Amino acid sequence: MKVNPKSVEYNSIDEVLNFVRDYNAGNMLRFLNAIEDNSGNILVKEEVQVKESALTRLKEIKGQYNPEFKIKLTKELIGQIQDKMAEKIVLQLKNTDKKFLKFMYEENKFNFKGIIRNGINNKKHLLALFKVYETNPHFFKHICELGLLALGIVLIPDALKYKMLRRYSFLGGIFMDIARVTGDQWNKPFPDDTEKTRIAKQCANFMQKLDLPEFVCSAASNHVPLGLQDNVEVVASGSKKTERENPDETFFAEMMVDDGESDSTPDDEEDAGLPDKSEDLLRELLTDSLKIARYIHTVSSFSHDKEYVMEELVYFLAYNTSRGYFNEVLANPLVNLFKQFEENVKRMRKLAEVEMQCLHPPAAWAYPKPKASQVLCKNKVWDCPNIVQGWDIHVISSQEAFGWVGSSLSADHYPKCKLEEELDSLPEVEPKKAEKK
């Protein structure tokens with residue numbers, strides 16, 4: 001399969017028939033090339049509407065002609081592909097195993113389907129997504145989830161009504177991993193910050209080639225928070241060195257050619273038009289939305305406790321926001337979606353406040369989260385006046401830092417901190433419900 005600005009090319013009649021069926025393109029099909037039999041006789045002329053009977057005949061006489069089909073991308077057909085691709089993106093909400101993502105859209109009253117459809121009205125963007133869907137459906141699901149998360153994050157706050165913010169957040173999310181399509185490392189956690197940042201910048205550079213706006217590319221390039229980890233277990237194991245990821249931009253090489261036509265089609269989206277705020281403000285909001293989308297996707301994908309991943313996300317989204325890692329305008333409305341976890345969220349915020357009273361930050365660690373009953377000194381600052389001498393805490397197994405909270409807590413002896421007294425006033429954590437058998 002080849003995709004360029006003028007045509008979609010297939011090498012078998014079965015692929016053509018599948019395309020016609022999947023995109024309901026039966027009355028829009030035209031070939032840029034004539035289909036000739038092995039004797040040079042023309043079976044289907046170029047640039048004429050191809051009838052269903054002609055396709056049926058071509059299937060019956062396989063091997064008697066050169067199976068090279070260049071389907072012309074007319075404006076009508078592009079519009080049809082746009083409609084179908086938007087449907088396929090929205091369908092990921094039904095197919096996803098990310099509970100948090102589903103919950104974000106259950107009570108959503110915005111016309112997010114229209115935003116998604118109009119968001120892919122650029123031909124280059126549309127064809128890039130079309131080729132990914134047709135050749136790597138698992139990766140397509142991955143980038144759709146990122147795009148839907150980024151869109152959902154900016155849909156929720158009532159205060160965010162800037163023109164084009166929703167569209168650009170969706171585009172930033174769905175394209176921020178786009179150059180990783182030919183490998184399999186997108187399906188694994190990043191080993192460290194250096195690799196995470198390198199890949200983010202490479203993908204952002206490729207987004208520029210797809211003609212995404214500069215501030216969207218900048219947000220994608222800079223959405224990785226430096227100095228923080230999202231998978232400490234991979235870092236801690238360290239013995240196995242993973243192969244360096246090298247995104248392959250040649251996957252999209254054929255569609256980089258300019259066909260001399262406008263890449264965008266008109267739309268009637270409510271927030272269409274140029275942004276009504278400065279690009280700097282838009283860039284900042286987009287960066288934060290992509291940062292939170294990446295965090296949610298990472299925790300959802302690589303959490304060890306899949307059954308309670310939603311609880312983990314709520315706990316630590318609130319915790320990270322209180323620590324200043326995430327933009328409160330974007331993150332707090334997400335947290336507020338989960339009313340059933342309200343008391344647990346309050347507790348995690350209080351835990352963060354207790355930790356922030358540390359005299360040698362970030363040494364204080366409320367342990368174990370979220371049902372913390374003790375505070376220990378992670379960095380073993382023995383001369384700190386808050387150390388409770390003679391009451392060391394023995395951590396028998398390593399503790400993970402969820403998302404980008406910070407670092408892991410190794411099994412060891414740690415000094416007790418007086419801040420533990422602050423925990424007495426915290427609300428109790430609701431126990432997890434027993435698993436039904």
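At-a-glance table
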quantity	calculated
Every residue from region 161-173 that is at pLDDT below 80 and either closer than 21 Å to residue 214 by Cβ or buried (at least 18 other Cβ atoms within 10 Å of the Cβ) (or both)	162, 163
Checking residue 40 against (1) open to solvent by 70 Å² or more (accessible area, probe 1.4 Å); (2) more than 29 Å from residue 140 (Cα to Cα), the condition it does not meet	(1)
Residue match in region 105-118 (condition: open to solvent by 10 Å² or more (accessible area, probe 1.4 Å) and closer than 19 Å to residue 301 by Cα)	yes
Cβ pairs under 6 Å, 6+ apart, first in region 413-436 and within 22 Å of residue 378 (Cβ to Cβ) and open to solvent by 40 Å² or more (accessible area, probe 1.4 Å), second at pLDDT 70 or above and in a helix (DSSP H, G or I)	422/354
Any chance residue 92 is outside any strand (DSSP E or B), touching a Cys at 6+ places or on another chain (Cβ under 9 Å) and open to solvent by less than 80 Å² (accessible area, probe 1.4 Å)	yes
Counted residues, region 99-116 - those being of a type outside the set (A, V, I, L, M) and at pLDDT 85 or above	5
All positions within region 174-191 that are open to solvent by 10 Å² or more (accessible area, probe 1.4 Å), outside any helix (DSSP H, G or I) and either touching a helix residue (DSSP H, G or I) at 6+ places or on another chain (Cβ under 6 Å) or among the aromatic types (Phe, Trp, Tyr) (or both)	182, 189, 190, 191
One residue from 307, 353, 328 being surrounded by fewer than 16 Cβ atoms within 10 Å (Cβ to Cβ), among the charged types (D, E, K, R), under 26 Å from the mean Cα position of the chain (by Cα) and at pLDDT 75 or above	328
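Residues checked against (1) over 29 Å from residue 128 (Cβ atoms); (2) in contact (Cβ under 8 Å) with a residue 12 or more places away in the chain:
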{"site": "3", "(1), (2)": "no, yes"}
{"site": "6", "(1), (2)": "no, yes"}
{"site": "12", "(1), (2)": "no, yes"}
{"site": "21", "(1), (2)": "no, no"}
{"site": "30", "(1), (2)": "no, yes"}
{"site": "64", "(1), (2)": "yes, yes"}
{"site": "77", "(1), (2)": "no, yes"}
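The values are calculated or read from the model by the stated rules, or taken from the named source; none is laboratory data. On a predicted model such as this, the values are computed, not experimentally measured, just so you know. Every residue, glycine as well, gets a Cβ built from its backbone with ideal geometry; the counts of neighbours run over all protein chains shown. SASA here: full protein model, heavy atoms, side chains in, ligands and nucleic acids out. Shrake-Rupley method; radii C 1.70, N 1.55, O 1.52, S 1.80 Å.
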